[in-house]
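The structure follows.
The values are calculated or read from the model by the stated rules, or taken from the named source; none is laboratory data. Every value quoted in this text rests on a predicted model; they were computed, and no experiment measured them. Neighbour counts run over all protein chains shown; Cβ positions are idealised from the backbone, glycine included.
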Amino acid sequence: MNTSLVKYILHLGDTTLILAQQNSKWCGHGPVLEQDIALTNISLDLLGQARNFYQYAAELMNENEKSTKDFIQSLGMQTDEKITEDILAYHRKERFFFNLLLTEQPNGDWGQTILRQFLYSRFQYYLYEKLQEHPDTQIAAIAAKSIKETTYHLRWSSEWVIRLGDGTAESHERMQNAIDNLWPYTGEMFLPADFEADVKIDFSGLKNKWLDAVTSIVKQATLSLPENENKVYMHTGGKEGRHTEHLGYILTELQYMQMAFPGANW
Amino acid sequence: MPAITNDTVQKVWDMLATVADPEVPVLTILDLGIVREVKVSGTGENEKIEIIITPTYSGCPAMDMIRMNIRLVLAEEGLKNYTLTTVLSPAWTTDWMSEEGKQKLKAYGIAPPNPQQNVCTPELFQQEEAVQCPRCESWHTHRISEFGSTACKALYQCDDCREPFDYFKCH
């Protein structure tokens with residue numbers, strides 16, 4: 001088993017799972033019903049994408065080889081049970097989640113939730129454009145399937161950034177705060193982890209494309225990026241399992257049932 | 001549906017034609033274009049069948065139920081030697097929905113998908129798709145939300161009869 005490849009698949013799955021979980025907390029709390037539904041739809045897409053990645057990772061992790069067993073153990077999981085998508089989501093501890101730090105940041109107000117989605121969807125779109133061509137055909141297939149959904153998320157979140165930034169004084173201020181809060185978590189997206197280098201993820205041009213698009217929309221929204229945006233201190237570590245304090249709480253809620261009643265089923 | 005080459009294949013397609021979509025029960029999984037292929041290898045007792053399906057949206061919760069309903073129908077018909085494979089590529093599109101399916105959707109009160117247009121591009125503030133009201137057939141409609149009651153639908157309202165309705169959005 002190619003452990004770097006499996007780690008990368010887990011990284012992709014964890015990122016979409018955690019963002020889905022965060023967004024889903026708006027269910028029943030959105031500012032208007034239609035937008036509540038929009039955000040829960042987006043959560044559902046992201047959760048489905050996470051499932052596709054986990055199912056694929058689980059398939060690769062069920063090879064009966066010692067190196068595979070060692071790898072499973074290194075992620076703090078039992079080797080005597082069959083790995084499934086549920087085990088990957090529910091039986092892994094914080095240190096073994098490899099999601100981007102951006103996705104675990106708090107929902108904050110509507111502006112911060114929108115901006116988090118916008119920054120990630122833009123990145124996801126350009127990344128998956130490249131992943132569609134990845135030599136691993138299943139990664140390529142999941143990316144090609146997901147990007148159609150991401151296109152909706154991208155348009156929805158971008159339009160909201162413009163609407164709120166160029167809206168009232170209050171909504172403008174909230175969007176600007178959201179940019180200042182979340183910008184330090186964007187650098188990590190473009191900093192390849194060891195496993196990404198191993199599976200030859202092509203980062204070339206990705207940051208420029210993303211930054212150009214983000215800059216242009218932020219400008220349209222009459223907002224501004226932080227001063228000297230290239231020199232802002234960037235938090236890193238999510239891809240290696242070193243997280244902000246928020247992930248522990250997210251997993252506590254997400255995994256509660258399986259931790260309290262292992263193997264519980266419908 | 002590809003050309004039928006074999007009696008068993010035809011029989012399996014006929015069985016699958018009875019499996020309805022759990023969310024939109026007027027549509028069968030064939031109308032939706034979810035079943036991509038039925039393959040047969042070997043003959044007699046060694047005959048093996050592979051059914052290949054593809055999900056509509058990644059997170060569509062109906063897929064687990066569809067897989068179960070397929071198994072139930074095949075079990076009722078006594079079919080055992082088969083595998084049910086899910087593939088993601090090529091990605092599902094509403095262009096695979098049958099004409100008959102589109103008519104059934106409309107009769108059910110859901111506007112059927114337009115042919116693939118520009119909605120899959122990332123351009124912002126695109127012109128809304130012109131969607132015909134499934135009740136009064138007026139083209140004077142507007143979009144309320146690009147996201148609706150399920151992943152596959154958008155919410156529209158008719159400006160003539162004033163009814164809100166679901167649009168099976170093109171994807």
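Kindly indicate the residue of segment A:123-153 that is facing chain B (nearest Cβ under 9 Å) and among the charged types (D, E, K, R) and also surrounded by the most Cβ atoms within 10 Å (Cβ to Cβ) among those meeting that condition.
Among residues in segment A:123-153 that are facing chain B (nearest Cβ under 9 Å) and among the charged types (D, E, K, R), the one surrounded by the most Cβ atoms within 10 Å (Cβ to Cβ) is A:Glu149.
From B:Ala111, B:Ala91, grab the single residue that is free of Cβ contacts under 8 Å to residues at least 40 places away in the same chain, touching a helix residue (DSSP H, G or I) at 6+ places or on another chain (Cβ under 9 Å) and aliphatic (A, V, I, L, M). I'd like the intermediate steps shown before the answer.
Values: B:Ala111 fails: free of Cβ contacts under 8 Å to residues at least 40 places away in the same chain.
Unique residue meeting the criteria: B:Ala91.
Another one. Give the number of residues within segment B:22-36 that are under 13 Å from B:Trp92 (Cβ atoms) and in a loop (DSSP other than H, G, I, E, B).
Counting residues in segment B:22-36 that are under 13 Å from B:Trp92 (Cβ atoms) and in a loop (DSSP other than H, G, I, E, B) gives 2.
Now a separate question. If I ask for residues that are hydrophobic (A, V, I, L, M, F, W, C), surrounded by fewer than 21 Cβ atoms within 10 Å (Cβ to Cβ), in a helix (DSSP H, G or I) and touching a residue at least 24 places away in the same chain (Cβ under 8 Å), which ones from segment A:1-46 would you list?
The one that is hydrophobic (A, V, I, L, M, F, W, C), surrounded by fewer than 21 Cβ atoms within 10 Å (Cβ to Cβ), in a helix (DSSP H, G or I) and touching a residue at least 24 places away in the same chain (Cβ under 8 Å): A:Leu5.
Scanning for something more than 13 Å from chain A (Cβ to nearest Cβ), part of a helix (DSSP H, G or I), touching a Leu at 6+ places or on another chain (Cβ under 8 Å) and not hydroxyl-bearing (Ser, Thr, Tyr), does segment B:106-123 turn up at least one residue?
No.
Sticking with this structure for a sec: Could you check segment A:27-44 and list, in sequence order, the residues that are within 9 Å of chain B (Cβ to nearest Cβ) and touching a Phe, Trp or Tyr at 6+ places or on another chain (Cβ under 9 Å)? Steps first, answer last, please.
Of the residues in segment A:27-44, the ones within 9 Å of chain B (Cβ to nearest Cβ) are A:33-35, A:37-44.
Selection gives A:Glu34, A:Gln35, A:Ile37, A:Ala38, A:Leu39, A:Thr40, A:Asn41, A:Ile42, A:Ser43, A:Leu44.
Here is a follow-up. Name the residue that is nearest to A:Gln138 (Cα to Cα), counting only residues in segment B:67-96 that are within 14 Å of chain A (Cβ to nearest Cβ) and in a helix (DSSP H, G or I).
Ranking the qualifying residues of segment B:67-96, first place goes to B:Arg67.
Tell me, please, whether a residue that is more than 20 Å from B:Asp7 (Cβ to Cβ) and assigned to a helix (DSSP H, G or I) can be found in segment B:37-50. Lay out the reasoning, then the answer.
Kept after step one, since they are more than 20 Å from B:Asp7 (Cβ to Cβ), are these residues of segment B:37-50: none.
Looking through segment B:37-50, none of the residues is more than 20 Å from B:Asp7 (Cβ to Cβ) and assigned to a helix (DSSP H, G or I).
Based on what the data block shows, is B:Gln132 within 14 Å of another protein chain (Cβ to nearest Cβ) and of a type outside the set (A, V, I, L, M, F, W, C)? Spell out how you get there, then give the answer.
On the way: within 14 Å of another protein chain (Cβ to nearest Cβ): no; of a type outside the set (A, V, I, L, M, F, W, C): yes.
No: the conditions fail for B:Gln132.
Could I ask something else about it? Hey, among the residues in segment A:47-93 that are among the hydroxyl-bearing types (Ser, Thr, Tyr) and in a helix (DSSP H, G or I), which one's nearest to the other protein chains (Cβ to nearest Cβ)?
Looking only at segment A:47-93, we keep the residues that are among the hydroxyl-bearing types (Ser, Thr, Tyr), and these are A:54, A:56, A:67-68, A:74, A:79, A:84, A:90.
From the residues that got through so far, the ones that are in a helix (DSSP H, G or I) too are A:54, A:56, A:67-68, A:74, A:90.
Working: A:Tyr54: 12, A:Tyr56: 10, A:Ser67: 28, A:Thr68: 23, A:Ser74: 28, A:Tyr90: 17 Å.
The selected residue is A:Tyr56.
Could you tell me how many of the residues in segment A:218-261 are of a type in the set (S, T, N, Q), more than 19 Å from A:Asn208 (Cα to Cα) and at pLDDT below 95?
Matching residues across segment A:218-261 total 1.
Continuing with this model, one more query. When the residues of segment B:37-54 are filtered to those that are within 13 Å of B:Trp92 (Cα to Cα) and among the aliphatic types (A, V, I, L, M), which remaining residue is surrounded by the fewest Cβ atoms within 10 Å (Cβ to Cβ)?
It comes out as B:Ile52.
Sort through A:Leu223, A:Leu254, A:Leu191, A:Leu247 and tell me the only one that's on the phi < 0 side of the Ramachandran plot, touching a Lys or Arg at 6+ places or on another chain (Cβ under 9 Å) and touching a residue at least 24 places away in the same chain (Cβ under 8 Å). Give the steps one after another, and end with the answer.
On the way: A:Leu223 fails: touching a Lys or Arg at 6+ places or on another chain (Cβ under 9 Å); A:Leu254 fails: touching a Lys or Arg at 6+ places or on another chain (Cβ under 9 Å); A:Leu247 fails: touching a Lys or Arg at 6+ places or on another chain (Cβ under 9 Å).
Just a single option satisfies the conditions, and that option is A:Leu191.
Moving on. With (1) crowded, with 20+ Cβ neighbours inside 10 Å; (2) touching a residue at least 40 places away in the same chain (Cβ under 8 Å); (3) in contact with a Leu (Cβ under 8 Å, 6 or more places away or on another chain) as the list, and B:Ala20 as the residue in question, which single condition is left unmet?
Of everything listed in (1) crowded, with 20+ Cβ neighbours inside 10 Å; (2) touching a residue at least 40 places away in the same chain (Cβ under 8 Å); (3) in contact with a Leu (Cβ under 8 Å, 6 or more places away or on another chain), B:Ala20 misses just condition (1).
Now for a different question. Provide a single number: the residues in segment B:42-93 that are of a type in the set (Ser, Thr, Tyr) and more than 14 Å from the chain's Cα centre (by Cα). Lay out the reasoning, then the answer.
Filtering segment B:42-93 for residues of a type in the set (Ser, Thr, Tyr) gives B:43, B:54, B:56-58, B:82-83, B:85-86, B:89, B:93.
From what is left, the residues that are more than 14 Å from the chain's Cα centre (by Cα) are B:43, B:82-83, B:85-86, B:89.
Residues flagged as of a type in the set (Ser, Thr, Tyr) and more than 14 Å from the chain's Cα centre (by Cα) within segment B:42-93 amount to 6.
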